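Trainee: One structure, pasted below without further comment.
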Amino acid sequence: MSTKTKQAPTTTHIFFLLDRSGSMGDIANDVIGGFNSYVESQVDGPDEAQMTLVQFDTQGPHEVMFASTFMKDVPKLSRENYQPRGGTPLYDAMGHLITDANIWVEQIQAEGKFKPEVIFITFTDGYENSSREYTREGIFQLIQRKQDDDGWAFVYMGANQDAYDAGRQSGFERDSTSNFRADARGTALAFRDLSTGTTQNRMKRSSGRRVEKGEFFEGVKTADQDSQERA
C-alpha cells in the first residue's frame, strides 16, 4: 500500500513597494492602470494570496495604503490616492517595509498558521536620492538574509537607470531584476511581466516545486527587451 505525502497548503503575501516621487508623474496614469491590471490577474490563483501596498516619497517615505488584504478586496489605485511628488528615499522605504513584513510573518507563525511565501516587489523610476535611516549596505544585508534564510522573492523593476546595477548593489538577483521604459508601453509591459512572474512563482510553490534563489522572471522580460530595443 503506497502513501502520499500531503502537501501543506501555501499562502502568498505580495508586499508591493511603489515609487511615488515626482518623476513618476509622467507615467502616473499608466502606473495606475498597470497596477490595477496586475491585481486583477492575481485574484484567482493556485493558492490564497494577500497584498500590502506601500507608496513612498520624501513627504511620505512609508505610506501604507492597505495591508494584508485579500486580492479580491484590494482597492483600486486612482489619481486620488496616487499623486507623485517629492524625492526618492528608496532605501528607507525598502528598509521599513522589509521590517514590517518580517514582523507580520513572525506574528502569523506565532498564531500557529502556515508560514506564508513572500514576494517583495519594488517598482521605481529613479535612483535613491534622499534616505536618512537606511544605507545601501544595510538594505543589501537585509535582502540577502531574507532570501537565504526564509526564501523570500525580491523583485526590482526600474526605469531611467541601469536597473541591474542598482538592483545588484541592493542585493537583488539578476533574474529578479528588469528595466522598463518610463512611458505607456513600457509601463504596461512591466506590469505584465510582474503578473507572469508572480503567477509562475505561486504555481511552483503551491505544487511543492523548488523555487531557486532569485528565480522570478525565468527569462521572460518583455519590458526589458522593449527598453533595449528603443534605447
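The values are calculated or read from the model by the stated rules, or taken from the named source; none is laboratory data. Worth saying up front: this structure is predicted, and the values here are computed from it rather than measured. Cβ coordinates were reconstructed from backbone atoms using ideal geometry, including for glycine residues, and neighbour counts include every protein chain displayed.
Trainee: Quick one: in segment 192-214, of everything that is among the charged types (D, E, K, R) and in contact with a strand residue (DSSP E or B) (Cβ under 8 Å, 6 or more places away or on another chain), which residue is surrounded by the fewest Cβ atoms within 10 Å (Cβ to Cβ)?
Mentor: ARG205
Trainee: A follow-up question, please. Please determine whether any residue of segment 129-143 is under 17 Å from the mean Cα position of the chain (by Cα) and closer than 16 Å to THR12 by Cα.
Mentor: Residues of segment 129-143 under 17 Å from the mean Cα position of the chain (by Cα): 139-140, 142-143.
Okay, now just the ones that are also closer than 16 Å to THR12 by Cα, so none.
No, that holds for no residue.
Trainee: Restricting to segment 127-146, count the residues that are among the basic types (Lys, Arg) and assigned to a loop (DSSP other than H, G, I, E, B).
Mentor: The total comes to 1.
Trainee: Let me ask you something else. Quick check on my filter: what residues within segment 127-141 are hydrophobic (A, V, I, L, M, F, W, C) and crowded, with 20+ Cβ neighbours inside 10 Å? Working first, answer last.
Mentor: Filtering segment 127-141 for residues hydrophobic (A, V, I, L, M, F, W, C) gives 139-140.
Result: ILE139, single match.
Trainee: Can you tell me how many residues in segment 207-231 are farther than 24 Å from ASN36 by Cα and either in a helix (DSSP H, G or I) or in contact with a Leu (Cβ under 9 Å, 6 or more places away or on another chain) (or both)?
Mentor: 2
Trainee: Output the residues belonging to segment 167-193 that are of a type in the set (A, V, I, L, M) and either without any contact (Cβ under 8 Å) to a residue 24 or more places away in the chain or not in a helix (DSSP H, G or I) (or both).
Mentor: The answer is ALA182, and nothing else.
Trainee: Those residues that are assigned to a loop (DSSP other than H, G, I, E, B), among the small types (Gly, Ala, Ser) and surrounded by 14 or more Cβ atoms within 10 Å (Cβ to Cβ), I need them from segment 74-126; list them, please.
Mentor: Passing the criteria: GLY86, GLY87, GLY126.
Trainee: Tell me, please, whether a residue that is in a strand (DSSP E or B), surrounded by 15 or more Cβ atoms within 10 Å (Cβ to Cβ), at pLDDT 95 or above and in contact with a Pro (Cβ under 9 Å, 6 or more places away or on another chain) can be found in segment 25-37. Break it down into steps so the answer makes sense when it comes.
Mentor: From segment 25-37, those in a strand (DSSP E or B) are none; that's our starting set.
Scanning segment 25-37 turns up no residue that is in a strand (DSSP E or B), surrounded by 15 or more Cβ atoms within 10 Å (Cβ to Cβ), at pLDDT 95 or above and in contact with a Pro (Cβ under 9 Å, 6 or more places away or on another chain).
Conditions (1) within 23 Å of PRO46 (Cα to Cα); (2) surrounded by 17 or more Cβ atoms within 10 Å (Cβ to Cβ); (3) not aromatic (Phe, Trp, Tyr), marked per residue:
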site	(1), (2), (3)
LYS146	no, yes, yes
TYR156	no, yes, no
GLY171	no, yes, yes
PHE180	no, yes, no
GLY186	no, yes, yes
ALA190	yes, yes, yes
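Trainee: Additional query: What about TYR164, is it crowded, with 16+ Cβ neighbours inside 10 Å, hydroxyl-bearing (Ser, Thr, Tyr) and either in a helix (DSSP H, G or I) or touching a residue at least 60 places away in the same chain (Cβ under 8 Å) (or both)?
Mentor: yes
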